[in-house]
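The values are calculated or read from the model by the stated rules, or taken from the named source; none is laboratory data. Nothing here was measured: the structure is a model prediction, and the numbers come from that model. Glycine gets a Cβ as well: all are built from the backbone with ideal geometry, and neighbour counts include every protein chain shown. The accessibility values were calculated without ligands, DNA or RNA, using every heavy atom of the protein model including side chains. Shrake-Rupley method; radii C 1.70, N 1.55, O 1.52, S 1.80 Å.
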Amino acid sequence: MNDPIGCPVGDTVVLRWRQAARSVPLARRELRRTLRRWDWDAVEDAASLVLSELLTNAVRHGRVPGREIETRFTRLTDERLRIEVHDASERRPLMALPAGGGEGGWGLPLVDTLAANWGVGDRPGPGKLVWAELTLSGEPW
């Protein structure tokens, strides 16, 4: 089954995804639906790009057999959105600009540009979570 398993809880939407590239557009669609429901259309494009980059990294580099990837979309305040991607890999992402202007490796620099703040943290159980926070105004808080 390729559909997400999700459960909205208050101002947080939690979804689980297979470790497959096809999960990225499905997750983006669910984020866009959530943002429309919250009336946050102004941040939809930036949030979709951030989610795409974080989830793509988890699919490519956070692969652990038999484990799913979890996303969380949280409305922290009336102006702040937090996007989290949880995976079971202990491998932490590193932000570095690609050498020689290569096509790959621009994901985290893009997240750094679009998000007011982002980082990597521990999570209960194995793995890590990578998060990014955006503001409706597009400005740091």
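Largest accessible area first, the listed residues Thr56, Thr135 line up as Thr56, Thr135 when surface is computed with a 1.4 Å probe on the assembled protein chains. Full extension of the chain between Val64 and Arg123 yields a length gain of 19.7 nm, computed as 0.36 nm times the residue separation minus the alpha carbon distance.
Return the FRET efficiency for the residue pair Arg36, Ala116: r is the Cβ-Cβ distance, R0 is 22 Å, and the value is rounded to the nearest 0.05.
Working: r = 21 Å, r/R0 = 0.96.
Given R0 = 22 Å and the Cβ-Cβ separation, E is 0.55.
Close amide H pairs (under 5 Å, H built 1.01 Å from N) link Asn117 with Glu133, residues at least 5 positions away or on another chain.
Here the Karplus curve 6.51 cos²θ - 1.76 cosθ + 1.60, taken at θ = phi - 60°, turns the phi angles of segment 82-90 into couplings of 10, 10, 10, 10, 9, 9, 8, 7, 7 Hz, with x standing for Gly and Pro.
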